[in-house]
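Scroll down for the structure; my scribbles are underneath it.
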Amino acid sequence: MRRSPTPRAVPRPFPAPDPPGKPSRFAGRRLLWGILIGVVAVHIIALIVLGSVVVFRHLFKREVAFEAPPEVVKRIDPRKLEHKVKVQKQQQKSGRPKVQPRLSSSKVADFALPEIKADMAPKLDALKSTMRSFGESGIGTGTAGGQGLGGLGPGVSQVRFMGFNTRTERVAVLLDLSPSMVEDERGSFDGFDALKDEIKQLVTSLNNGSVFNLVAFARGVDIYSPEAVRASDDNKATAATWVDPYMTDRVNVERNGTRSNNYRPAKDSPTMRATGGLTRFDLAFLAAFESGVDTIFVVTDGVHHIYRELTDQEREELDRRRKELSDAELRRRHDEADRRRREWDEMNKRRAKRGLPPKIIEGHGFGGGPGMAPLFTDEQVIDFLYAAAKDIYEAKGLPLPKVFIIGYVTTSADEVFLKDLAQKFKGRFRRARTLVTPIKD
């Protein structure tokens, strides 16, 4: 048999070289290893640097420490007070005590003292006219926080009334009763009832050591008491009862106004030579002045209305105008007044069906005469009141009172007089709105 020849080892061929322009595979691996070695080197260097900084701060840098300042001890040496009392010399000057005789008995039933008749009526009113204020606490030893309750000195009260806030010992409130006080824009009779409540609250707020008085005025003047009275609980209650009846007749409106007209000026008080008027500011202020109060509150809706005496020339002119009126003119005026009265009555009947009170306008008349009596001017009234106050208060040895005026829905024209009057007496004026919703007819 023929033996087959032994195969020869075929040498492994070398890889063919990369074609030109194509990157070598060994070059890409070298680049990758270069990047890894660079990243590791950067981290090692950063670790060495940061670790060196931490070691340096720990070994060589001192920490800042804050220490509290030492406590300052303030020491104030006590004052050395020395009181030298010369007892021996004082005893030599004073006399020996006198022994007061006493009655003693071993048996009370063996004798009886004779009856002693003495008038023990309190003399508070007599003392008030000669005393002066001793400040807020008076001179008494009462139990009302040192306000004079139970003592002889008038107590000071903090009064808040219709927007005013003041301190007073002796106060008077003057309330205008003219028909215009119950007109629609002032809330009619409901508005006046709210005013009375404000006055009653003022009286109730007074300390028992204070004194007060109330005055209501229109054609005449009603005064609560001839003299200011102490603000005791009984007097406060009677003052509220005294105020309640005013302006309560909503049917016969003309019956409202002053009730008793119990005020007459004192014989030594100055008076204006007035023949009458609808709003007697002069008499109302005189009543307050004679009470010796230090604070006067006035609640009014307008100015004074005081008739003065006619001069001879004015009287002659008035007589002449009356004679010139013919009988036909008088009948025409009479008929016109009747017509207007009937219209007014019909209007009030319509208001009554709606539950409204009669409409009231001050000065709304149905007749017509040849002329009215002349009125005192604003300057004349202010000058008289200031002069009268000086005479009365100087006689009492008291300073002039302060006057605070509440203009109850007043007009700008009326406020000129009221502001001047308040400033004359070192007081203030304040315009107040109605305390209830006005009536819109």
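The values are calculated or read from the model by the stated rules, or taken from the named source; none is laboratory data. Just so it is clear, the structure is predicted and the values come from calculations on it, not from any experiment. When we count neighbours, we look across all protein chains shown, and the Cβ atoms used for this are built from the backbone with ideal geometry, even at glycine.
Okay, residues lined up against (1) in contact with a Leu (Cβ under 7 Å, 6 or more places away or on another chain); (2) aliphatic (A, V, I, L, M); (3) without any contact (Cβ under 8 Å) to a residue 60 or more places away in the chain:
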site: LEU400; (1), (2), (3): no, yes, yes
site: PHE417; (1), (2), (3): no, no, no
site: ARG431; (1), (2), (3): no, no, yes
site: THR437; (1), (2), (3): no, no, no
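Scanning for something of a type in the set (Lys, Arg) and assigned to a loop (DSSP other than H, G, I, E, B), does segment 241-258 turn up at least one residue? Checked against the condition, which is being of a type in the set (Lys, Arg) and assigned to a loop (DSSP other than H, G, I, E, B), segment 241-258 yields at least one hit. Condition check: in contact with an Asp or Glu (Cβ under 6 Å, 6 or more places away or on another chain), of a type in the set (Gly, Ala, Ser) and surrounded by fewer than 17 Cβ atoms within 10 Å (Cβ to Cβ). Does SER260 satisfy that? Yes; evaluated as a whole, the condition is true for this residue. For the structure I just gave you, tell me whether ILE382 is under 26 Å from the mean Cα position of the chain (by Cα) and either within 23 Å of THR275 (Cα to Cα) or not in a loop (DSSP other than H, G, I, E, B) (or both). Yes; evaluated as a whole, the condition is true for this residue.
Taking the conditions (1) farther than 25 Å from THR275 by Cα; (2) at pLDDT 90 or above in turn, ASP327 satisfies each one other than (2). Looking across segment 305-344, just one residue is outside the structural domain of MET247 (by TED's automatic domain parsing) and closer than 23 Å to GLY191 by Cα, and that is TRP344.
Whether any residue in segment 208-217 is of a type outside the set (Asp, Glu) and on the phi > 0 side of the Ramachandran plot is what I want to check. No; the residues of segment 208-217 include none that is of a type outside the set (Asp, Glu) and on the phi > 0 side of the Ramachandran plot. In the set (1) at pLDDT 95 or above; (2) touching a Pro at 6+ places or on another chain (Cβ under 9 Å), the condition left unmet by ASP234 is number (2). Within segment 307-366, the residues that satisfy the criterion of being in a helix (DSSP H, G or I), basic (Lys, Arg) and without any contact (Cβ under 8 Å) to a residue 12 or more places away in the chain are ARG315, ARG320, LYS323, ARG331, ARG332, ARG339, ARG342, LYS349, ARG350, LYS353. When segment 377-421 is filtered for residues that are out of contact with any helix residue (DSSP H, G or I) (no Cβ under 8 Å at 6 or more places or on another chain), buried (at least 21 other Cβ atoms within 10 Å of the Cβ) and not β-branched (Val, Ile, Thr), only LEU418 remains. Residues that are aliphatic (A, V, I, L, M) and either at positive phi or assigned to a helix (DSSP H, G or I) (or both): does segment 289-300 have at least one? The answer is no; no qualifying residue exists. Of the residues screened, ASP249 is one that is without any contact (Cβ under 8 Å) to a residue 24 or more places away in the chain, farther than 17 Å from LEU385 by Cα and in contact with a Lys or Arg (Cβ under 7 Å, 6 or more places away or on another chain).
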